[in-house]
Amino acid sequence: MVLEIITYGNDILRKRAEEINEFNDEIRDLIEKMCEALVVYHGYGVAGPQVGVSKRIFVYDVGDGQHALINPVLISSKGEEWGFEGCLSVPGLQGEVPRALHVVVRGVDENGEKVKIKADGLLARVFQHEMDHLDGTIFIDKADPDTLETVPLHDDDDDDE
């Protein structure tokens, strides 16, 4: 059964997620289920709170395979660029959000190993977006309100495509 995406209005999206103290089978199972949700819902990233789990974890895939980051911490950031973002938890809405161009993040990966990741471009944007979720922030909190617009929702059952 695929994890359900929690949508805007649910209190869990506004709470700071809890640290994960132990990498175990429960966390491995959660990562697997979150990665499945990432594929099903066509996202670049999914954070714990978005699937109803108030834990500091997110999964992501920007084209080089699925990965997880547990208890991520932003070590540094440089530059700034505006770019359009959407969110699985706020379906049908997108807007321009300022994000750092380059970030360095540390945490624990999907294998339980400590990692330090330097990210640019889309990966940097995804990291910042998902880490915001872990702190109870949603992209619309940072978006330029004048750029918010509705967009068509992806429909897997649409035979016209």
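In straight-distance terms, cross-link reach from Lys15 covers every one of the lysines whose alpha-carbon lies under 23 Å from its own, apart from those fewer than eight places away in the same chain; here that gives Lys33, Lys55, Lys142. By other beta-carbon atoms within 10 Å, ranking Val104, Val40 with the fewest at the front produces Val40, Val104. Under a no-solvent Debye model with one identical scatterer per Cα of the chain, what's log10 I(q)/I(0) at q = 0.11, 0.15, 0.20, 0.21 Å⁻¹? With no solvent term, the Cα-only Debye profile gives -0.42, -0.79, -1.41, -1.54. By DSSP, the beta bridges lying fully in the stretch 1-139 are antiparallel in about 95 percent of cases. Dimensions of the stretch 1-45 based on its C-alpha atoms, expressed as ranges along the principal axes with the largest first, amount to 30, 25, 19 Å.
Consider all pairwise Cα distances in the stretch 1-94 and report the whole-number % of them above 20 Å.
Values: 1755 of 4371 pairs.
Cα-Cα pairs in the stretch 1-94 separated by more than 20 Å: 40 percent.
Of all lysines in the structure, those lying under 17 Å Cα to Cα from Lys118, and not within fewer than 8 positions of it along the same chain, are Lys78. Counting neighbouring beta carbons within 10 Å and listing from fewest to most, the residues Tyr8, Tyr41 come out as Tyr8, Tyr41.
Every read-out reported here was derived from the displayed coordinates using simple, explicitly stated rules and does not represent laboratory data. Please read all numbers here as calculations on a predicted model, not as lab measurements. Reconstructed Cβ throughout: ideal geometry from the backbone, glycine too, with neighbour counts over all protein chains shown.
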